[in-house]
Amino acid sequence: MHKRKIFITIFIIFCAVSLVSENFCFGGTDDDSWKASPELVAKLTRRRSETNYDEQKVPEYTLPDPLIMSDGSRVKNAQDWTSKRRPEVLELFKTHVYGRAPIGRPKDMSFKVFDSDKQALGGLAIRKQVAVSFTGEQDGPGMDILIYLPNDRKKPIPTFVILNFGGNHTINADPAIKLPDSWVRPGTGIVDNKANEQSRGKASSRFPVEEILKRGYGLATIYYGDIDPDFHDGFKNGVHPAFDKLSEEKRPPDAWGSIGAWAWGLSRAMDCFETDADIDNKRVIVLGHSRLGKTALWAGARDERFAIVISNNSGCGGAALSRRRLGETVKRINTSFPHWFCENFKKYNDKEDELPLDQHMLIALIAPRPVYVTSADEDLWADPKGEFLSCKNADPVYKLLDRKGLGADRMPGLDKPVKSGTIGYHVRTGRHNL
């Protein structure tokens with residue numbers, strides 16, 4: 001019942017849809033289904049002619065069956081999935097896409113609360129800031145977690161956790177939020193890749209902190225660059241050199257990339273939440289946008305402690321089916337961001353049909369827990385229909401585990417969320433944004 005309540009609240013935070021409305025889509029007719037604007041398709045094609053944005057040009061493809069094991073036998077029941085097929089699928093993603101991260105909590109990891117204010121945001125919130133050391137060494141790799149919890153609720157508090165792009169201080173203008181010491185992405189006012197006061201609160205439109213708190217939930221956020229700076233230097237920065245196991249000074253082809261590292265960092269945050277009596281660690285919702293949406297899905301697939309998983313505009317390597325080759329492709333993402341995935345993933349540049357998996361199997365790894373995938377009408381780069389089809393094709397695994405999956409056969413209409421099952425989905429008006 002608690003998970004159900006949290007799942008419904010997602011719509012308040014991400015959809016701006018009234019919870020008392022009955023205007024939800026449960027499939028609809030073909031005429032109701034979302035379709036990309038022909039004008040937008042033409043415009044984007046002119047801008048990037050080498051990229052396919054046209055649904056009519058999507059090649060024929062066959063998806064791997066998530067319920068067929070590698071030896072060709074069929075998964076017959078929940079026990080088969082849990083003990084045999086799920087570990088097998090997880091292993092496929094580690095080998096071919098995200099790479100292998102260290103398993104479990106590092107033995108020397110430590111947490112230190114360096115800020116605690118019970119009257120933050122004008123008395124609305126408890127604010128905590130926690131320094132996490134992954135190795136227990138003061139000058140070693142680590143991250144800062146910013147936590148806001150409502151002041152007027154009984155504890156423990158169900159909490160959303162999300163990685164942010166610019167530093168914890170960007171999510172709210174609260175002057176007490178510590179600026180990161182890590183490398184930050186270039187942007188307005190950023191000098192020499194260092195955070196400064198000018199960027200404080202600049203991403204607040206993506207983080208409705210007060211609304212979340214008033215609904216009775218907590219929010220925890222971490223700057224993703226604390227875990228691993230988002231540029232390719234041969235994995236010499238961030239967490240990788242502290243934990244990599246090299247062979248003849250080389251990383252193996254299935255070594256974890258940056259997405260694997262960021263997802264690993266989210267699990268380390270979960271370790272921290274398990275020590276905090278104010279946070280309900282059985283009701284932690286992991287979410288992410290864009291590359292961090294890919295990260296949230298992988299974190300939720302790897303770590304079953306996350307109660308709900310939310311992906312926003314995650315696209316290729318996230319919720320979108322690779323075999324469709326619409327918008328961003330495997331080759332393009334591996335070329336533009338060679339550090340995000342493991343080296344093995346590059347073998348599938350222009351060879352998506354040779355992958356022994358596709359992203360619907362990533363959604364399936366989250367079963368039977370709720371997962372919510374969101375797309376945007378103008379974000380064809382992320383392939384909204386491909387994201388929907390991943391949800392749809394994960395359905396058989398949810399049904400095997402006695403859960404109603406997506407609850408829709410066709411793409412819903414614009415701004416009409418599908419929410420009748422354990423998998424939720426919507427395509428909203430707008431661009432690539434949270």
Exercise for the section: At 7 Å along the Cα-to-beta-carbon direction for both Glu50 and Ala277, put a label point, then send me their distance in nm to one decimal. Expected result: 5.9 nm
Practice task
Please give the contour-minus-distance gain from Asp152 to Asp139: 0.36 nm per residue of separation, less the Cα-Cα distance, rounded to one decimal in nm.
Solution key: 0.9 nm
Practice task
State, as an integer percentage, the relative contact order of the chain based on alpha-carbon contacts under 8 Å between residues 6 or more apart.
Solution key: 19 percent
Practice task
Please identify, among Arg46, Arg324, Arg85, the residue showing maximal mean-square fluctuation in a Gaussian network model of the chain using a 10 angstrom Cα cutoff.
Solution key: Arg46
Problem - Modelled FRET efficiency - R0 25 Å, Asp244 with Lys351, Cβ distances, 0.05 increments - result: 0.40
Exercise for the section: Let me know the whole percent of all Cα-Cα pairs from the chain that are separated by more than 40 Å. Expected result: 13 percent
Practice task
Quote the accessible area belonging to Trp381 in square angstrom, nearest 10, computed with a 1.4 Å probe and with ligands, DNA and RNA left uncounted.
Solution key: 70 Å²
Handout entry: Percentage relative contact order, the range 296-399, counting C-alpha pairs under 8 Å, at least six apart
Key = 39 percent
Completion exercise
Sequence order, the range 361-368: Karplus ³J(HN,Hα) from phi using 6.51 cos²θ - 1.76 cosθ + 1.60, θ = phi - 60°, Hz rounded, Gly and Pro as x, gives 6, 5, 4, 4, 4, 7, 4, x
Practice task
Give the relative contact order (percent, whole number) for the range 313-359; include only Cα pairs under 8 Å separated by 6+ residues.
Solution key: 43 percent
Completion exercise
Rounded to one decimal in nm, the spacing of the 7 Å Cα→Cβ label points at Lys236 and Arg215 is 4.4 nm
Problem - Hits among lysines - C-alpha to C-alpha of Lys250 under 20 Å, sequence gap 8 or more where chains match - result: Lys94, Lys236, Lys346, Lys347
Completion exercise
The set of residues whose placed amide H lies less than 5 Å from the amide H of Gly257, leaving out same-chain residues fewer than 5 positions away, is Cys342
Handout entry: Gain on full stretching of the segment that runs from Thr429 to Asn196 - 0.36 nm per residue minus C-alpha separation
Key = 80.6 nm
Problem - CD proxy at 222 nm, helix term only [per DSSP H run n ≥ 4: -39500 (n - 2.57); per residue of the chain; nearest 500] - result: -7000 deg cm²/dmol
Practice task
With springs connecting C-alpha atoms under 10 Å apart, model the chain as a Gaussian network and identify which of Thr159, Thr422, Thr51 has the largest mean-square fluctuation.
Solution key: Thr51
Completion exercise
The answer for the chain, counting only DSSP H helices whose Cα atoms cover 15 angstrom or more along the axis and whose Kyte-Doolittle average is 0.5 or greater, is 2-15, 258-273
Fill in the blank from the handout: Going residue by residue through the range 409-418, the Karplus relation 6.51 cos²θ - 1.76 cosθ + 1.60 with θ = phi - 60° gives ³J(HN,Hα) values, rounded to whole Hz and with x marking Gly or Pro, of 8, 10, 3, x, x, 4, 6, 10, x, 8
Practice task
Using label points projected 7 Å from each Cα along Cα→Cβ, tell me how many nm separate Arg185 and Tyr61, to one decimal.
Solution key: 2.5 nm
Practice task
Within the range 394-434, find all residues whose amide N lies under 18 Å from a label point positioned 7 Å from the Cα of Ser336 along Cα-to-beta-carbon.
Solution key: 431-434
Problem - Percent carbon-and-sulfur accessible area, the chain, ignoring ligands, DNA and RNA, probe 1.4 Å - result: 49 percent
Fill in the blank from the handout: Full extension between Lys107 and Lys35 adds, at 0.36 nm per residue less the Cα distance, a length in nm of 20.9 nm
Problem - His232, His360, ranked by accessible area, largest first (probe 1.4 Å) - result: His232, His360
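The values are calculated or read from the model by the stated rules, or taken from the named source; none is laboratory data. It should be emphasised that the depicted structure is a prediction, and the values quoted were computed from it without experimental measurement. FYI the Cβ positions are ideal-geometry reconstructions off the backbone, even for glycines, and counts take in every protein chain you see. Ligands, DNA and RNA are stripped out before the accessible areas are found, and what is left, the full protein with its side chains, is counted by its heavy atoms. Shrake-Rupley method; radii C 1.70, N 1.55, O 1.52, S 1.80 Å.
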